[in-house]
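Reading through the structure tokens given below for one structure.
The values are calculated or read from the model by the stated rules, or taken from the named source; none is laboratory data. Here the structure is a predicted model, which is why all the values come from computation and not from measurement. Note: ideal-geometry Cβ built from the backbone for every residue, glycine included; neighbour counts use all protein chains shown. Note: accessible area is taken over every heavy atom of the protein model, side chains too, but ligands, DNA and RNA are not part of it. Shrake-Rupley method; radii C 1.70, N 1.55, O 1.52, S 1.80 Å.
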Amino acid sequence: MVKKWLVWAILVLLALPLHGEILTLIKLSDSLLFTHELNDTVGVMNYVDSVLNFKSAGNRNVKAELELEATVSDQLLLNITKAYFKARFPVFRLTMGKTRVSWGEGFLFNAGDLIFDGLSFPSAISTGDLRIETDYMAVLYFPLGRFSYFETVYLPKPVMVDMDPSPSSEFYMPASVDIGSTEAGGRFQFDIARTKLEFGYLYKGALRSHNAFVSLQGNLLVDWNLSASCAINQDNADPELIKQSLGVSFGLFSQFGLGSDSSLTLRLESAIKPFQRWEEDPSPPAFPAMPSYALYLFPDITFAIDSSLSLQLRSLISPCDASAMIFGGAGWNPYQGLTFNFYAGAMAGDSNDIFGWGREKDFFIMLETQFLFGTELGE
């Protein structure tokens with residue numbers, strides 16, 4: 001049986017002769033993670049993460065991207081995070097494959113992101129981009145003007161099954177799924193009085209629900225965004241259930257130049273579910289599960305001292321039970337492509353809070369070394 005690693009190796013070997021037509025980017029990172037465990041011991045984890053990215057070059061009407069990710073610790077975990085192409089025709093643009101479409105507005109919280117549930121918690125919020133999920137989809141994009149367009153999306157939601165049930169097998173293929181369990185929808189976007197207005201609809205077949213959103217984005221001294229969404233189950237259109245599904249996100253963003261290469265970036269986002277629980281739940285699920293609280297906040301501050309050194313402080317706050325997860329970090333980029341990162345995080349709250357002290361991994365320190373190289377960086 002063919003293994004995933006062998007498929008990866010074949011793809012790389014096939015791509016090497018086409019080097020002149022492909023932009024390559026390789027990211028290698030080695031992370032050393034120290035965590036506080038329940039028995040007051042310190043756990044240590046070391047893993048290497050590598051990302052191999054290929055982008056097509058030379059054809060302005062057709063673009064393609066393939067991205068493979070491998071994480072090595074005591075086991076080898078492989079994943080194809082992106083594999084898609086985009087083709088531009090006179091009237092429309094077509095995208096097919098595994099990729100990401102970002103509806104609505106927001107860095108962490110985004111009620112308009114119906115496809116990837118933008119009001120959920122990501123598995124990690126200490127490093128990098130927070131919303132990186134991808135899925136298999138087909139997208140048709142119709143430009144309607146300079147700042148307006150219409151877009152349709154279809155997600156087949158394939159189920160991957162192991163073609164060889166032996167314990168050593170790592171080769172998966174999609175099984176057929178009922179067409180009624182797939183997802184489809186569309187969105188419009190246009191500008192009104194220097195404010196971007198976006199609204200859309202997505203049918204989720206597995207949940208048998210009709211989902212709609214509206215999103216606004218503009219600037220009034222600072223950049224701001226506001227999104228709202230709700231869902232209606234086609235089998236039970238109970239008004240109480242619709243109220244419970246209502247979600248709102250609001251965000252503020254501003255960046256200030258401080259002279260030379262220094263800058264200060266400020267961000268504040270909130271997730272609001274007004275008809276959910278406003279009082280403390282005595283037994284909420286543990287992070288990263290998201291209890292049904294009505295309000296969450298995400299402040300984020302980044303101070304770039306110069307082009308090579310930056311400091312960051314961010315937090316995920318649950319006002320309903322007065323708890324928080326707090327992260328601090330620093331990044332140093334002494335040479336092109338080479339970055340040293342330091343991160344520390346801790347939970348602040350009672351033991352029965354969502355971010356309570358006294359549970360596994362309530363405190364961590366991570367040291368990361370990252371190196372980027374490839375033709376995309378001119379190397």
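Inside the stretch 23-68, can you point out the residues that are part of a strand (DSSP E or B) and either among the charged types (D, E, K, R) or on the phi > 0 side of the Ramachandran plot (or both)?
LYS27, ASP30, ASP49, LYS55, LYS63, GLU65, GLU67
So for the stretch 61-73 (the condition being touching a residue at least 40 places away in the same chain (Cβ under 8 Å) and open to solvent by 30 Å² or more (accessible area, probe 1.4 Å)), does at least one residue qualify?
For the stretch 61-73, residues touching a residue at least 40 places away in the same chain (Cβ under 8 Å) and open to solvent by 30 Å² or more (accessible area, probe 1.4 Å): present.
Tell me, please, whether a residue that is in a strand (DSSP E or B), more than 30 Å from LEU297 (Cβ to Cβ) and in contact (Cβ under 8 Å) with a residue 24 or more places away in the chain can be found in the stretch 118-136.
Looking through the stretch 118-136, at least one residue is in a strand (DSSP E or B), more than 30 Å from LEU297 (Cβ to Cβ) and in contact (Cβ under 8 Å) with a residue 24 or more places away in the chain.
Any residue at all in the stretch 180-190 that is over 24 Å from the mean Cα position of the chain (by Cα), small (Gly, Ala, Ser), within 27 Å of PHE150 (Cβ to Cβ) and at pLDDT below 90?
The answer is yes; a qualifying residue exists.
Do we have ASN53 as modelled with pLDDT of 90 or more and either acidic (Asp, Glu) or in contact with a helix residue (DSSP H, G or I) (Cβ under 8 Å, 6 or more places away or on another chain) (or both) here?
yes
Would you tally the residues in the stretch 348-379 being assigned to a loop (DSSP other than H, G, I, E, B) and of a type outside the set (Val, Ile, Thr)?
Selection size over the stretch 348-379: 16.
Taking the residues in the stretch 325-340 that are touching a residue at least 40 places away in the same chain (Cβ under 8 Å) and open to solvent by less than 30 Å² (accessible area, probe 1.4 Å) as candidates, determine which candidate is farthest from THR302 (Cα to Cα).
Residue satisfying both the conditions and the ranking: GLY337.
Which members of the stretch 200-224 meet the condition of being open to solvent by 20 Å² or more (accessible area, probe 1.4 Å) and at pLDDT 95 or above?
TYR201, TYR203, LYS204, HIS210, ALA212, VAL214, LEU216, GLN217, ASP223, TRP224
Considering only residues that are assigned to a loop (DSSP other than H, G, I, E, B), free of Cβ contacts under 8 Å to residues at least 60 places away in the same chain and in contact with a strand residue (DSSP E or B) (Cβ under 9 Å, 6 or more places away or on another chain), which ones fall in the stretch 77-112?
Once the filter is applied, which keeps residues that are assigned to a loop (DSSP other than H, G, I, E, B), free of Cβ contacts under 8 Å to residues at least 60 places away in the same chain and in contact with a strand residue (DSSP E or B) (Cβ under 9 Å, 6 or more places away or on another chain), the stretch 77-112 yields VAL91, PHE92, ARG100, VAL101.
Could you tell me whether the stretch 275-285 includes any residue that is over 22 Å from SER227 (Cα atoms), open to solvent by less than 40 Å² (accessible area, probe 1.4 Å) and either in contact with a Phe, Trp or Tyr (Cβ under 8 Å, 6 or more places away or on another chain) or assigned to a loop (DSSP other than H, G, I, E, B) (or both)?
yes
Taking the stretch 292-311 on its own, how many of its residues are among the acidic types (Asp, Glu) and open to solvent by 40 Å² or more (accessible area, probe 1.4 Å)?
Adding up the residues that qualify gives 1.
Within the stretch 22-48, count every residue that is of a type in the set (D, E, K, R), in contact with a strand residue (DSSP E or B) (Cβ under 7 Å, 6 or more places away or on another chain) and modelled with pLDDT under 90.
1
Taking the stretch 182-199, which residues are hydroxyl-bearing (Ser, Thr, Tyr) and either open to solvent by 40 Å² or more (accessible area, probe 1.4 Å) or touching a Pro at 6+ places or on another chain (Cβ under 6 Å) (or both)?
Correct list: THR182 only.
Could you list, in sequence order, all residues of the stretch 345-369 that are open to solvent by less than 40 Å² (accessible area, probe 1.4 Å) and either closer than 21 Å to LEU28 by Cα or of a type outside the set (A, V, I, L, M) (or both)?
Matches in the stretch 345-369: GLY345, GLY349, ASP353, PHE355, GLY356, ASP362, PHE364, MET366, GLU368.
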